[in-house]
Amino acid sequence: MCGLIGFLSATGDAKAVEPAIGGALPQMRHRGPDEGGTWSDPDVVIGFNRLSIIDIDHSHQPLSWLGGRYHLIFNGEIYNYLELRDRLAREFGATFETEGDGEAIVAGYHYLGEKVVRELRGMFAFVIWDAHERVLFGARDWFGIKPMYTFTDERGSFFASEKKSLLAVAGEAVSKDVDHTALQHYLTLQYVPEPASMHTQVRRIESGSYFTVRPGEPVRPHRYFHPDFAIKPVAEPEKLYRQITEALEDSVEKHMRADVTVGSFLSGGIDSTAIAALAKRHNPKLLTFTTGFERKGYSEIDVAAESAAAIGVEHITKVVSAQEMMDVLPLVIWYLDDPVADPSLVPLYFIAREARKHVKVVLSGEGADELFGGYTIYREPISLRAFEKLPGGMRRGLGRLSERIPEGTRGKDLLRRGAIGIEERYYGNARIFRPDEMRGLYKAFDPAVSYMDVTRTLYEQTTHLDGSTRMQYVDLFTWLRGDILVKADKMTMANSLELRVPFLDTEVFAVGSSIPTELKITRETTKYALRRALAEIVPPHVLHRAKLGFPVPIRHWLKDVMYDWARAIITESQADELIDRQAALRLLDEHRDGPHDYSRKIWTLLVFLLWHGIFVEQRITPEVPEPAYPVRL
């Protein structure tokens, strides 16, 4: 788990850029405070900040292999590296000078070529320079756990784990160029969908993709992984439940591989509880960590503590206040690179900071909902089946009727959503501003831009699947990699903490993607098959507990303790060419004074305005703490 930056020259003058690369590395020292360095030749400069987890005393990066033919920079972990090293030695006679996973990648590339990415079980973003063939090969992991940004100008192509490092070498013109389409999608989705970023000229290598590029060529990624749901009939459900359990047990066992202490995040839900319970089998002294709030209904601390006691692990908690949220938000946004308007990422930052005092690696439960059907919204196709049987004209009539029903009236949204098809009604778990709500607020609003531009191709690829599974597929490409994994990576890395996600494993996905919908989602519950599989692993009080998510009490705080703070952010912002200040202030006042909850809309605006103040106006400069963590824990 580290930070990488690389440059491929278009002119053969890479060394002229080396000082800039070296100057950009400190921008992401939090990703790897243990050691760092650069390497260059006439075509390439690569730099690295290392967080040493496996083979601490060796496996330094940039890593040279085969007499200096290959040079690797690699962020992430390969959990099957021992098996892959053994295979390469046995089949090809490969030799290794370290005990780490980095050599497994570069040796695999030498013997298997680009196919090596399909052999890697883990999370990764890496770049390999072949000094003999003068070609750069890079890839990003199957699900998008680890990030990689890219930027190209007349000098050549740049790659980095964090966008702020690219902005440091790109220049002021690039930093001030906001992508209006990306911003419009953000105002709808609460994140910027891949491959875009909020800066027009900076893009992301998409999840499940690799690229091969030579000096002077454009970067053209190729997708190697399509998360297909190959649903199969199940004659023996109990056998399926055993397969789920065995796959997850194996994944957790491999995710525990490390030369440092591994802990686990623990909420009140089934996913993180299962991970912690399985992890304890490999570390009897496992530490678990939970965060929450003092306000009733907005904390899972008590349930998590009960779970920790039931599975027999030591438990550490952190309660977050409104003042702490306000104080740290600019710094959190600096770490994010792009705005993500998910309030839960702030308490995640705090619990990661607390965990890093005790461990260097944590496990977490991200991905279970997308793979096993955990979101309540996935039950919507079941509840709307009656609408699908109606003639088209009648459905459209119900839609028009819903428009005449006052806002807040029970049943209004059900009629509206039942009147439209799944391609139009579902575009992710967060739906912030509708197009009609953006008019008059977002000055660059373009009616030709639609959230359906993000999901259209995904729906075209899944016409053979049922509605709930199509929603899962959409989330794998949007919500999971745009929100869930971004906040998980950025908030833990901000604290030099490695986060591992055993549910997002290729073997776990192979089982989860085969489950029939009726064994995932019922009228009574979600993740049915997973709950059955975990019945002997998680405590009874968690097994059938309803999903709480990670609620943050901004609805209440924005009415009182956060009101003046929010108003100051809006008033002081210099993003007037994009956001109408008076419209934003009216929204804040209506939330404070009226019956409607506009907190998520307000939070989405506040996060963007702070982001704009940091990265575009450069008016806000958060004080970034110096990483000061020991190499070994």
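If you take the residues in the stretch 110-145 that are touching a His at 6+ places or on another chain (Cβ under 9 Å) and among the acidic types (Asp, Glu), which one is farthest from Ser64 (Cα to Cα)?
Among residues in the stretch 110-145 that are touching a His at 6+ places or on another chain (Cβ under 9 Å) and among the acidic types (Asp, Glu), the one farthest from Ser64 (Cα to Cα) is Glu114.
The rows are residues; the columns are (1) in contact with an Asp or Glu (Cβ under 7 Å, 6 or more places away or on another chain); (2) of a type in the set (Lys, Arg); (3) crowded, with 17+ Cβ neighbours inside 10 Å; (4) part of a helix (DSSP H, G or I).
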| residue | (1), (2), (3), (4) |
| --- | --- |
| Leu329 | no, no, yes, yes |
| Trp334 | no, no, yes, yes |
| Val346 | no, no, yes, yes |
| Lys357 | no, yes, no, no |
| Val362 | no, no, yes, no |
| Glu370 | yes, no, yes, yes |
| Glu380 | no, no, yes, yes |
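Does the stretch 406-447 hold any residues that are β-branched (Val, Ile, Thr), touching a helix residue (DSSP H, G or I) at 6+ places or on another chain (Cβ under 6 Å) and either more than 29 Å from Ser468 (Cβ to Cβ) or part of a loop (DSSP other than H, G, I, E, B) (or both), and which are they?
Start the filter on the stretch 406-447 by keeping residues that are β-branched (Val, Ile, Thr), which leaves 409, 420, 422, 432.
Adding the requirement that they be touching a helix residue (DSSP H, G or I) at 6+ places or on another chain (Cβ under 6 Å) leaves 422, 432.
Scanning the stretch 406-447 gives a single hit, Ile432.
Which members of the stretch 509-524 meet the condition of being in a helix (DSSP H, G or I) and either among the hydrophobic types (A, V, I, L, M, F, W, C) or in contact with an Asp or Glu (Cβ under 6 Å, 6 or more places away or on another chain) (or both)?
Matches in the stretch 509-524: Phe509, Ala510, Val511, Thr517, Leu519.
Hey, does the stretch 559-572 have a residue that's basic (Lys, Arg), on the phi < 0 side of the Ramachandran plot, outside the structural domain of Thr245 (by TED's automatic domain parsing) and at pLDDT 95 or above?
yes
Which condition does Ser514 not pass, out of (1) farther than 22 Å from Met471 by Cβ; (2) in contact with a Lys or Arg (Cβ under 6 Å, 6 or more places away or on another chain), if it passes all the others?
Going through the list (1) farther than 22 Å from Met471 by Cβ; (2) in contact with a Lys or Arg (Cβ under 6 Å, 6 or more places away or on another chain), Ser514 breaks only (1).
Can you tell me which residue is farthest from the chain's Cα centre (by Cα) among those in the stretch 534-581 that are exposed (fewer than 14 other Cβ atoms within 10 Å of the Cβ) and among the hydrophobic types (A, V, I, L, M, F, W, C)?
Among residues in the stretch 534-581 that are exposed (fewer than 14 other Cβ atoms within 10 Å of the Cβ) and among the hydrophobic types (A, V, I, L, M, F, W, C), the one farthest from the chain's Cα centre (by Cα) is Ala568.
Looking at Arg425, is it modelled with pLDDT of 80 or more, loosely packed, with under 13 Cβ neighbours inside 10 Å and under 33 Å from the mean Cα position of the chain (by Cα)?
no
Given the condition touching a Leu at 6+ places or on another chain (Cβ under 6 Å), over 30 Å from Ala488 (Cα atoms) and surrounded by fewer than 22 Cβ atoms within 10 Å (Cβ to Cβ), answer yes or no: does some residue in the stretch 92-101 qualify?
Filtering the stretch 92-101 for residues touching a Leu at 6+ places or on another chain (Cβ under 6 Å) gives 94.
So of that shortlist, the ones also over 30 Å from Ala488 (Cα atoms) come out as 94.
Pick out the ones that are also surrounded by fewer than 22 Cβ atoms within 10 Å (Cβ to Cβ) and you get 94.
Within the stretch 92-101, one or more residues are touching a Leu at 6+ places or on another chain (Cβ under 6 Å), over 30 Å from Ala488 (Cα atoms) and surrounded by fewer than 22 Cβ atoms within 10 Å (Cβ to Cβ).
Just to verify a result, which residue in the stretch 441-465, among those that are closer than 23 Å to Leu587 by Cα and hydrophobic (A, V, I, L, M, F, W, C), is surrounded by the fewest Cβ atoms within 10 Å (Cβ to Cβ)?
Filtering the stretch 441-465 for residues that are closer than 23 Å to Leu587 by Cα and hydrophobic (A, V, I, L, M, F, W, C), the one surrounded by the fewest Cβ atoms within 10 Å (Cβ to Cβ) comes out as Ala444.
Return yes when Arg295 is at pLDDT below 90 and either farther than 16 Å from His541 by Cβ or touching a His at 6+ places or on another chain (Cβ under 8 Å) (or both) and no when it is not.
Values: at pLDDT below 90: yes; either farther than 16 Å from His541 by Cβ or touching a His at 6+ places or on another chain (Cβ under 8 Å) (or both): yes.
When the stated conditions are applied, Arg295 passes them.
Just name the residue that is farthest from Thr376 (Cα to Cα) out of those in the stretch 525-548 that are among the charged types (D, E, K, R) and not in a loop (DSSP other than H, G, I, E, B).
The initial filter retains those residues of the stretch 525-548 that are among the charged types (D, E, K, R), namely 527, 531-532, 536, 545, 547.
Of the ones still in play, those that are also not in a loop (DSSP other than H, G, I, E, B) are 531-532.
Working: Arg531: 15, Arg532: 18 Å.
Taking the candidates together, the pick is Arg532.
Please note which helices (runs of 4 or more DSSP H) are completely contained in the stretch 1-112 and include at least 2 residues that are farther than 26 Å from Ile145 by Cα.
So the answer is 18-24, 81-92.
The values are calculated or read from the model by the stated rules, or taken from the named source; none is laboratory data. Quick caveat: nothing in here was measured; it's all calculated off a predicted structure. Every residue, glycine among them, receives a Cβ derived from its backbone with ideal geometry; neighbour counts consider all protein chains shown.
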